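Input: a single structure, listed below in structure tokens.
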Amino acid sequence: MPTDCISYQDSGYFTPIMNDYLDQKEQLQSLYNRFPTLENFKTQIIEKQSNYADANRAVLVSVLKNQYANITISDLTLENIAALEQTNTFTITTGHQLNLFTGPLYFLYKIISVINLTKELKDTYPDKNFVPVYWMATEDHDFDEINYFNFKDKKLRWNRESSGPVGRLSTDGLSEVFKTFSGELGMGKNAEELKKLFEDAYINHATLAEATRFLADKIFGSYGLVILDADDADLKKRFIPYVKEELLHQTSHQKVAETAELLSAYKIQVNPREINLFYIEDDFRERIILEDGVYLINNTEIKFTEKELLNELEQHPEKFSPNVIMRPLYQEVVLPNLAYIGGGGELAYWLELKSYFEASKVTFPVLLLRNSVLLATEKQAKKADKLELSWNDLFKKQFDLKEKIVKKASKFTLDFSEQKQFLQAQFDTLRKMAQKTDSSFIGAVNAQETKQIKGLNALEKRMIKAEKKHYADILERVTDLQNELFPNQSLQERKANFSEFYLESGDTMIEQLFAALKPLEQQFEIVVV
């Protein structure tokens, strides 16, 4: 059975900016506060403790108790909520959309990364408390990103319209999705457990936020996970000074635009708007636009003078929703947070925000790339072993993998590198001769060299193509296995739903993930379930 490990950088699935961040390249070091190591958390704790408003703790705990009022939660989660009132308690946070039925697998990996890091920090700093937090993206309004999920190559979709914050959506209509999904799950003990879990979540709760909180708590509550819905008036009261600054001075646009210049070599993730705030009601979430001294709510007839808008902010802070640029600041203002754990795309836009945090006098969190996992069944692992494939092999692009298999299996040498080197050495000699006799011959020598090398390349490709036909059977088995593990030649974790694996493994799958995931190690985990 293959046992090798793959670094994120060697996996081939991470962007240049993330690879450079993980390698701590000099050009990015000014864009983050501290690199994620156990030692660096010591100074992160000191800095956060010095500038976090402890008055926010009582508000945070009150909000959490209210949000958890209607569900039975674990003793550990209750302890963690209570601990947040203590000045020696800090959070480790991840955020995620309200994907239906947990969405893709990495929803689990994010949360497990957060929980495991809090355990590691507690072992290292026993005089402190560390609370794992899942920040629900309840204010997102891009419903098309979350209204479906994949199960065994089938897309199950919630057919309805929505333009407001998704957390406030009624769960009406999800019974049809649940009915279809139940049929796909089939029979058996694990299938019945999943059906009960999803029915309790989506049929017995009124809003998508309530359903998602219940679902995440049922899976992770025993590990002490705290789930926060920040679409809350009391929490947003704590954020009023920063919203006011944005409305009056548009600081975020200026600072993020400056940072974008430093990232010009990379693909910029998020471009700031002049005002990075939305105005929300139950049925819409629209941008706030400043034109000629008047604040307009995009795509509506609503408009405010400066005085009217500031009064609206004081009276109804819940109507002001930070966008992707300001949401991280909101999170770090209301939470005693030390680190944010996210995917590569998320961390790339966080790297644009450090100067904005500095201008706002808020501690920038440690940025930690979430764990990535490839789940394989025992059967798939045995197939890989029988085919003499390593996990590194299976991470290769399919074309490269086929070539490696053919070259290894063939009775002939299909790599003409030695012949090309010999040929190039001969032409180097010819160039020296031409230089001594008539330098005008050098062009002809170079042209002939190009022709000969091109001919060798063509011959090599033809021989490999012929051998691929000869070894078609083994190549078919290799590609079938790789396609199972990497659907559509992409990462499994971005597509598959955890139910596919839970049906076979039950709770053992979750336990295996907790045992395998090591947040501070830059390693793509392979977990055989």
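Where a number appears in this text, it was derived from the coordinates with a stated rule and is not lab data. Values in this document were obtained by computation on a predicted structure and should not be read as measured data. So basically every Cβ, Gly included, is an ideal-geometry build from the backbone, and we count neighbours across all protein chains shown.
Per 0.36 nm of contour for each residue apart, how much would the distance between residue 507 and residue 97 grow if the chain were fully extended, relative to their Cα-Cα spacing? Mind showing how you got there, number by number?
Numbers: separation 410, 0.36 × 410 = 147.60 nm, distance 2.35 nm.
Once the chain is fully extended between residue 507 and residue 97, it gains 145.2 nm.
Dipole size of the stretch 247-405 about its Cα centre, with +1 on Lys/Arg Cβ and -1 on Asp/Glu Cβ: approximately 1120 debye, rounded to the nearest 20.
Just the number, please: percent antiparallel of the DSSP beta bridges in the chain, rounded to the nearest 5. Please report the intermediate quantities before stating the final value.
On the way: 20 of 43 bridges.
Approximately 45 percent, going by the DSSP bridge assignments.
In terms of packing, defined here as the mean over residues of other Cβ atoms within 10 angstrom, the peptides 376-386, 219-229 line up highest first as 219-229, 376-386. Rounded to the nearest 500, the 222 nm mean residue ellipticity of the chain from helices alone is -15500 deg cm²/dmol, with -39,500 (n - 2.57) taken per DSSP H run of at least 4 residues.
For residue 96, the residues whose amide H sits under 5 Å from its own are 135, 137, ignoring neighbours fewer than 5 places away on the same chain, with H placed 1.01 Å from N. Counting only alpha carbon atoms, the long axis of helix 251-262 and the longest principal axis of the chain meet at about 10°.
For the stretch 118-258, the extents of the C-alpha atoms along the principal axes are 57, 46, 30 Å, listed from largest to smallest.
Full extension of the chain segment joining residue 385 with residue 520 gains 45.7 nm, where the gain is 0.36 nm per residue of separation less the Cα-Cα distance. Packing around the peptides 250-257, 327-334, taken as the average count of other Cβ atoms within 10 Å per residue, puts them in this order, highest first: 327-334, 250-257. With all pairs of separate Cα atoms included, the chain yields a Kirkwood hydrodynamic radius of 26.2 Å. Here the label points at residue 125 and residue 447, each 7 Å from Cα along the C-beta direction, are separated by 7.0 nm in the simple model.
Which is farthest toward the positive dipole end of the chain among 17, 347, 293, measuring Cα position about the Cα centre, with Cβ charges +1 (Lys, Arg) and -1 (Asp, Glu)? The residue sitting farthest along the positive end of the dipole is 17. Taking the C-alpha atoms only, the angle from helix 417-437 to the longest principal axis of the chain is near 70 degrees. Applying the criteria of a DSSP loop state and at most 10 other Cβ atoms within 10 Å to the trypsin sites (Lys or Arg not before Pro) of the stretch 1-91 yields no site. For the stretch 492-498, 3J(HN,Hα) computed residue by residue from phi via the Karplus equation (6.51, -1.76, 1.60; θ = phi - 60°) reads 3, 5, 8, 10, 6, 8, 4 Hz, glycine and proline entered as x. Once the chain from residue 78 to residue 26 is taken as fully extended at 0.36 nm per residue, the excess over their C-alpha distance is 14.5 nm.
Simple point charges give the picture: +1 on the Cβ of Lys and Arg, -1 on the Cβ of Asp and Glu, and for the stretch 1-104 a dipole about the Cα centre of about 360 debye. Near the amide H of residue 130, within less than 5 Å, lie the amide hydrogens of 90, all on another chain or at least 5 residues away, with H placed in the peptide plane.
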